[in-house]
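Here, each number is a calculation from the coordinates, and none is a lab measurement. Predicted, not measured: the structure shown is a model, and the values here were computed from it. We place every Cβ from the backbone using ideal geometry, glycine too, and count neighbours over all the protein chains shown.
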Amino acid sequence: MDALKEFTLSFVGLKEGKHQFEFTIDSTFFTHFEFDEFDDASLKGYLTLDKKSTFLELHFEVNGSVVIPCDLSMELFDYCVESQFDLIVKFGIPPDKPSDEILVLPEGSYQLNVAQYFYEMVVLSIPQKRIHPGIKDGTLNSEIVEKLKTLEPKETHLKGSIDPRWNKLKDLL
C-alpha cells in the first residue's frame, strides 16, 4: 500500500474552503488492487476537497483512456473513461449500514485514502460487453471477425413460416 501513499489526504492542516488535488493513474495503480483486465491505462484523477467546519465534500473526476480487449475479436482498443463521483465525509460513529454517498469517519481521524474510490470509478465506467469500435462501424479487419461472419445464422428462405416446434409451446397457454 506504500505505492498508494500519494492517494492519502491529510485534511487536518487544511484551511476551510476548496482544495484541488491531481493524481496520475496508470497500470501499476491497478496491480495494487490485483485487477489485470486492462492492458494499459493512462488516466488523470482530479479531486476537489471542500472543507467545511463539520464535514468534508469530495468531488472526484477521472479522465483518460484504458486499453482493453474486445469481447468478440480479442483485439485491443482504447476506451475513453470519463467519470465523476461526489462523496460527503462526516465524523462520528460509523453506522451499521454504510452509504455510497456518505462516509462516516471516527472522531479524531486526520487522513483519508481515496485510492479505492478512484479504482471503483474507473472499473465501474467500463461496460460489461466491450466491443471494438471497428466492429461497430465495419472497419476492423480481423481473422476472428471474418470467421464470426461466416458462422452467423443465415436468413431462412421461408420468411413467413414458423418453426412447428414453437406451435407446441402455444398449446401450453
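Each Lys and Arg Cβ is given +1 and each Asp and Glu Cβ -1; about its Cα centre, the chain then shows a dipole of about 680 debye. Pairs over the 24 Å Cα-Cα cut-off, from the set 97/129; 18/44; 44/97; 129/170: 97/129; 44/97; 129/170. Summing Lys and Arg as +1 and Asp and Glu as -1 over all other residues whose Cβ lies under 10 Å from the Cβ of residue 40 gives a net charge of -3. If you run the Gaussian network model on the chain, springs between alpha carbon atoms under 10 Å, then out of 52, 97, 18 the most flexible one is 97.
Note that segment 41-58 has calculated 3J(HN,Hα) couplings of 9, 9, 10, 10, x, 10, 10, 10, 9, 10, 8, 10, 5, 10, 7, 10, 10, 10 Hz, one per residue in order, obtained from phi through the Karplus relation 6.51 cos²θ - 1.76 cosθ + 1.60 (θ = phi - 60°); glycine and proline are x. Between residue 18 and residue 90, the simple label model (points 7 Å from Cα in the Cβ direction) yields a spacing of 2.4 nm. With the convex hull of the Cα atoms taken as the outline of the chain, the averaged projected area works out to 17.5 nm². Across segment 1-144, the relative contact order, built from alpha-carbon pairs under 8 Å that are at least six residues apart, equals 22 percent.
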